[in-house]
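I have placed the structure first, in the form of structure tokens, so that the comments after it can refer back to it.
The values are calculated or read from the model by the stated rules, or taken from the named source; none is laboratory data. Here the structure is a predicted model, which means the values were calculated and not measured. As a convention, Cβ positions derive from the backbone with ideal geometry for all residues, glycine included, and neighbour counts pool all protein chains shown.
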Amino acid sequence: MGLEAPYVTGYLSEHFADAAYATLQGYQAKGGYEAAKKALKQMSPTQVVEEVKASGLQGRGGAGFPTGQKWSFMPPGNEKPKYLVCNADESEPGSFKDRILMERGPHLLLEGILIGAWATGAEKTFIYVRGEYAEPARQVQRAIDEATAKGFLGANVFGTKFRHEVVLMRGAGAYICGEETGLLESLEGKKGQPRKKPPFPAQYGAFGMPTTVNNVETFCHVPHILSRGAAWFKGIGTDKSPGNTIFGVSGHVNRPGLYELPLGTKLDALIFEHASGVPGGRKVKGVIPGGMSMPILPAGMLDVPMANEFLRERKTMLGTGGVMVMDETTCMVRVGCVISYFFRDESCGQCTQCREGTGWMNKVLNRIERGAGNPDDLDLLLDVAGKMEGATICAFSDAAAWPIQGLLRHFREDFEAHVRLGRCPFPESFAL
Amino acid sequence: MPRITIDDQSYEVADGRTILQALDDLGLLMNGVDVPHYCWHPKLSIDGSCRLCQVEIEGFPKLQIACNTPVKDGMVIRTQTDRVKTAREGVMELLLVNHPLDCPICDQAGECKLQDYAYEYGATHARTREPRRPAKKKVDLGPTIVFDQERCILCRRCVRFCREVPGTGELMVQGRGDHSVIETAPDQPLANDYSMNVADICPVGALTTKDFRFKIRVWFLEDVPGVCTGCSNGCNVHLGVANNRVYRYVPRRNDAVNETWMCDEGRLSYAAIGAADRLREPQLRGADGRLVAVAFDAALEEAAARIRRAVDASGPGVVVALASPHATNEDLFTLRRLLEALGTSSAAGVAVPNGRSDALLIKAEKAANGAGARALGFGGPGPVLDRIRGGGARVLIALGHDVLDPAHGANEELFRSLDTLILLDSHHSALERVAHVVLPARVAAEKLGTLTNHAGRVQRVEPAVEPAHLAYAEGETLLRLARALGLALFEGPWDPRAVSRAIGAAVPAFAGVHVDSVGAEGLPLRGPSA
């Protein structure tokens with residue numbers, strides 16, 4: 001059934017162990033919806049946007065784009081209906097934070113959405129929930145029904161003239177539907193394939209209307225920012241990356257799970273203090289810091305603070321905060337095979353580089369793992385990955401190229417050993 | 001109007017266009033400025049997926065795709081830098097990773113953009129050692145098209161075409177990533193009136209027409225510009241000619257007429273040119289009532305003698321004529337001149353066959369030059385038929401046999417009452433059974449001349465093939481007939497160029513609109529069209 005509440009909680013998840021918090025009454029008992037009421041009754045949309053801008057909140061869906069700035073891209077006026085979309089597709093392997101937010105804090109999400117809707121002038125929000133997320137979808141739908149019955153959603157939100165409707169849609173199961181324009185296509189009932197830009201969603205989004213797409217967790221920070229102020233928020237985390245985030249830790253750790261911690265928390269603290277280290281006292285070999293599309297970090301870089309400004313220096317990114325830990329028994333060629341298989345399978349297939357590059361890399365990696373690699377395959381992989389970068393409709397192709405580049409950057413000796421020996425030197429490897 | 005710089009040349013372009021569109025508007029795309037592309041097509045929505053058309057734009061750190069990047073005043077674009085070349089090479093290499101490289105046995109070879117661009121922009125050797133993706137050969141997509149999945153580069157032009165042009169949407173991409181394939185839904189074959197266009201726009205050998213595939217290597221074909229004669233739309237085509245035979249029509253771009261498309265029925269109408277039912281021999285009806293093949297001049301002499309006898313006995317008013325809506329303006333003008341010379345100019349009409357039409361290209365008039373006949377003064381066939389029924393007409397000069405169309409209420413029996421039926425026709429018909437003199441005629445693909453489409457656009461046809469038998473254009477036959485009658489219609493021998501100019505002198509709508517002035521894309525008639 002439901003996911004366990006985070007082992008370490010913060011302002012987002014402090015009440016998640018309490019089942020009542022998922023109900024409207026329980027949520028209100030903890031001060032819920034007061035921030036939204038304040039926004040709608042005491043603040044102009046511009047003031048809300050400015051407050052969120054001042055907080056420095058960055059999107060938590062992977063790209064880390066400043067949320068207030070994104071909201072300000074929505075065209076002013078009421079020429080066309082405007083929409084918000086909540087990206088609850090959470091399909092990045094290694095990520096499971098949005099799931100807990102929807103299961104345990106659905107009203108927190110709705111309140112964040114209401115504030116975003118007020119700020120952007122959106123009359124409707126579509127929540128696009130990953131198809132496999134049955135329980136989160138059930139909880140969010142129940143919360144929508146409760147809030148609508150209470151007059152917190154609908155024609156007169158909190159008795160004001162502001163109108164807002166929230167519609168939940170369950171996805172049909174493709175990674176690419178988590179890309180914002182692929183999501184919009186899927187939302188419209190089409191095949192989930194990212195749209196070329198221009199036009200951008202703020203001009204031409206869901207059903208052709210101006211649209212802003214934000215991640216679940218991003219919305220969940222907003223009520224806290226409004227009730228406690230931008231200065232409070234900026235005081236948490238690092239200078240450039242304020243606030244908490246919910247890290248999902250998985251892989252070779254003793255206590256896999258969710259940890260709400262400030263951005264900038266050191267990766268080794270996350271692994272060894274919070275997640276209780278690696279089973280059997282084995283050594284860490286590499287860590288993917290932010291979901292599978294982010295390049296791996298080697299054991300020597302575990303002292304990195306988990307915030308983009310530090311991770312970028314090490315040629316990786318925070319992504320969705322899904323931390324995957326791999327110990328010394330791990331074959332990094334195998335890891336490459338698994339990652340490249342995933343991206344080969346999930347590429348939407350529109351752009352040449354992505355469609356052909358993901359398949360090619362996967363075939364070469366499988367061949368190396370089988371022991372049929374050639375010395376020039378390593379540079380070939382890097383060359384193909386280079387061709388896939390920055391040249392396609394969406395960032396999927398980059399996301400498929402980066403992890404392979406990361407593996408070759410830090411674990412080239414694993415690849416060379418396969419080629420040299422003509423077999424995989426890791427006997428414990430799982431079957432592909 | 002924004003001014004942009006492409007490869008150090010400055011151009012003024014229309015607002016709101018993308019770089020590729022602007023290049024296409026200027027007529028420079030792959031014709032002065034090489035920006036290779038697969039998914040982009042001037043008449044389809046922008047896809048932006050093949051990524052081959054990347055160019056360097058000042059102020060953009062990354063290369064941008066020319067198909068989807070809007071032009072801006074002052075934009076500086078470079079299409080031939082090392083970065084651009086490297087990017088193109090990269091895309092070409094990736095496109096070939098799963099391609100079978102089977103040009104020697106592929107019917108597209110010679111007109112394949114994958115082949116062309118691989119030579120032009122690709123690397124010289126393959127680096128991939130991996131097996132190709134498993135794919136199907138010879139997939140039957142419907143009545144007209146065969147699909148080879150191995151060769152497909154997933155540009156999706158065909159998918160967009162079916163959605164956007166006929167609006168039937170039979171094709172889709174099934175699956176994702178490198179396991180994507182073009183597919184139809186079960187029991188929903190690719191079957192629309194325009195289906196064969198997908199073979200034209202397929203840049204590779206994936207989609208081929210059942211009609212043309214493996215008939216001939218395309219490099220043996222000469223592309224002769226012409227006009228489809230299947231209906232009054234007059235879609236511009238290239239006739240693919242070799243060995244004095246037309247192997248196919250493919251649409252020729254004319255944004256004022258057919259953009260880049262044509263219907264399947266029109267496309268397949270080329271078969272009538274070399275058809276077995278072509279009328280090949282001049283014939284005379286003998287005393288026993290049977291048609292006998294004779295020399296052309298003998299048939300012509302007999303026709304002249306019969307006309308002369310009738311006119312001498314009863315005056316020129318007994319001679320009537322039916323024009324052909326398939327003949328050129330020049331042929332029809334010559335008929336008009338002949339009738340004027342005989343003194344019976346009002347006794348003529350034209351029967352135009354009718355059929356199905358749609359909102360796209362297919363017009364109800366199933367002939368290429370009904371509008372031209374009307375512009376040249378030929379009304380409906382009713383008055384001529386009435387005079388035959390009333391016995392006032394004794395001689396009929398018939399161009400073609402469209403009068404037998406049931407819509408006109410006449411079958412061949414009506415014409416038995418005539419003393420003389422002189423038939424000039426390209427194909428056999430029931431009208432021959434009651435004709436006294438039969439003279440083979442050429443079809444448009446065998447003539448120089450002009451045709452006037454439904455909208456009054458005058459378009460040029462030129463000889464792509466010679467008939468396999470002795471046959472003249474109707475105009476030339478009529479000119480010879482006039483000579484045999486001692487009538488002078490024009491100076492000298494048959495010269496369709498001179499006749500074409502003469503039309504303009506006599507019919508104001510044609511002033512300045514003739515075979516040498518209309519160019520490759522035609523010219524509209526002057527004033528209100530026919």
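Quick one: is B:Arg163 in contact with a Gly (Cβ under 8 Å, 6 or more places away or on another chain) and touching a residue at least 24 places away in the same chain (Cβ under 8 Å)? No, not satisfied.
Screening B:Asp516 against (1) crowded, with 18+ Cβ neighbours inside 10 Å; (2) charged (D, E, K, R); (3) part of a loop (DSSP other than H, G, I, E, B) leaves a single unmet condition, (1).
Looking only at residues in region A:190-217 that are under 19 Å from A:Met102 (Cα atoms) and in contact with a Cys (Cβ under 9 Å, 6 or more places away or on another chain), the one that is nearest to the other protein chains (Cβ to nearest Cβ) is A:Val213. Could you tell me whether B:Cys39 is within 36 Å of the chain's Cα centre (by Cα), closer than 19 Å to A:Ala395 by Cα and not small (Gly, Ala, Ser)? Judged against the criteria, B:Cys39 is not a match. Here B:Cys106 fulfils each of the conditions (1) within 11 Å of chain A (Cβ to nearest Cβ); (2) more than 19 Å from A:Gln353 (Cβ to Cβ); (3) under 27 Å from the mean Cα position of the chain (by Cα) apart from (1).
Of the residues making up region B:492-513, those that are surrounded by 14 or more Cβ atoms within 10 Å (Cβ to Cβ), out of contact with any Leu (no Cβ under 7 Å at 6 or more places or on another chain) and hydrophobic (A, V, I, L, M, F, W, C) number 6. For region B:170-219, filtered to residues that are within 14 Å of chain A (Cβ to nearest Cβ) and surrounded by fewer than 16 Cβ atoms within 10 Å (Cβ to Cβ), the residue that is nearest to A:Gly357 (Cα to Cα) is B:Gly175. Residue pairs whose Cβ atoms lie under 8 Å apart, sitting 6 or more positions apart in sequence or on different chains, and linking a residue in region B:89-117 that is on the phi > 0 side of the Ramachandran plot to a partner that is small (Gly, Ala, Ser), are B:Leu101/B:Ala126. Restricted to region B:16-41, and to residues there that are in contact (Cβ under 8 Å) with a residue 40 or more places away in the chain and of a type in the set (D, E, K, R), the residue that is farthest from B:Arg160 (Cα to Cα) is B:Asp34.
Considered as a group, the residues in region B:47-74 that are touching a residue at least 60 places away in the same chain (Cβ under 8 Å) and surrounded by 19 or more Cβ atoms within 10 Å (Cβ to Cβ) include one that is farthest from the other protein chains (Cβ to nearest Cβ), and that residue is B:Val71. Filtered by the rule that a residue be of a type in the set (Asp, Glu), assigned to a loop (DSSP other than H, G, I, E, B) and either without any contact (Cβ under 8 Å) to a residue 40 or more places away in the chain or within 10 Å of another protein chain (Cβ to nearest Cβ) (or both), region A:169-189 gives a lone residue, A:Glu188. Every condition in (1) more than 14 Å from every other protein chain (Cβ to nearest Cβ); (2) part of a loop (DSSP other than H, G, I, E, B) is met by B:Phe161 except one, and the failing one is (2). Taking the numbered list (1) away from chain A (no Cβ under 14 Å); (2) small (Gly, Ala, Ser); (3) not in a loop (DSSP other than H, G, I, E, B) in turn, B:Ala14 passes all entries but (3). Residues of region B:352-388 being over 12 Å from B:Asn233 (Cβ atoms), charged (D, E, K, R) and touching a residue at least 60 places away in the same chain (Cβ under 8 Å), which ones? Listed by number, the residues that qualify are B:Arg374, B:Arg387. In the set (1) among the hydrophobic types (A, V, I, L, M, F, W, C); (2) at pLDDT 95 or above; (3) surrounded by 17 or more Cβ atoms within 10 Å (Cβ to Cβ), the condition left unmet by B:Leu489 is number (2). Across region A:1-15, the number of residues qualifying as crowded, with 18+ Cβ neighbours inside 10 Å and closer than 23 Å to A:Val253 by Cα comes to 6.
Being of a type outside the set (A, V, I, L, M, F, W, C), assigned to a helix (DSSP H, G or I), within 14 Å of another protein chain (Cβ to nearest Cβ) and in contact with a Phe, Trp or Tyr (Cβ under 7 Å, 6 or more places away or on another chain): is that true of B:Glu93 here? Spelling it out, it is not the case that B:Glu93 is of a type outside the set (A, V, I, L, M, F, W, C), assigned to a helix (DSSP H, G or I), within 14 Å of another protein chain (Cβ to nearest Cβ) and in contact with a Phe, Trp or Tyr (Cβ under 7 Å, 6 or more places away or on another chain).
A quick yes/no check of all residues on (1) modelled with pLDDT under 95; (2) among the small types (Gly, Ala, Ser); (3) surrounded by fewer than 24 Cβ atoms within 10 Å (Cβ to Cβ):
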| residue | (1), (2), (3) |
| --- | --- |
| B:Leu424 | no, no, no |
| B:Leu431 | no, no, yes |
| B:Ala441 | no, yes, no |
| B:Thr452 | no, no, no |
| B:Gly456 | no, yes, yes |
| B:Val461 | no, no, no |
| B:Val465 | no, no, yes |
| B:Leu478 | no, no, no |
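Elements of the type helices (runs of 4 or more DSSP H) sitting completely within region A:1-96 and holding at least 1 residues that are closer than 30 Å to A:Pro198 by Cβ: these cover A:45-55, A:67-72. Take B:Arg163 and decide whether it is at pLDDT below 95 and surrounded by fewer than 21 Cβ atoms within 10 Å (Cβ to Cβ). Taking the combined requirement at face value, the residue does not satisfy it.
Those strands (runs of 3 or more DSSP E) of region A:190-305 in which at least 2 residues are over 27 Å from A:His15 (Cβ atoms) and touching a residue at least 60 places away in the same chain (Cβ under 8 Å), considering only elements entirely within it, cover A:211-215, A:284-288. Between B:Thr81, B:Thr124, the distinction of being surrounded by fewer than 22 Cβ atoms within 10 Å (Cβ to Cβ), away from every other protein chain (no Cβ under 14 Å) and over 30 Å from B:Trp219 (Cα atoms) belongs to B:Thr81 only. Determine whether region B:325-335 contains at least one residue that is out of contact with any Phe, Trp or Tyr (no Cβ under 7 Å at 6 or more places or on another chain), small (Gly, Ala, Ser), buried (at least 22 other Cβ atoms within 10 Å of the Cβ) and not in a strand (DSSP E or B). Within region B:325-335, one or more residues are out of contact with any Phe, Trp or Tyr (no Cβ under 7 Å at 6 or more places or on another chain), small (Gly, Ala, Ser), buried (at least 22 other Cβ atoms within 10 Å of the Cβ) and not in a strand (DSSP E or B).
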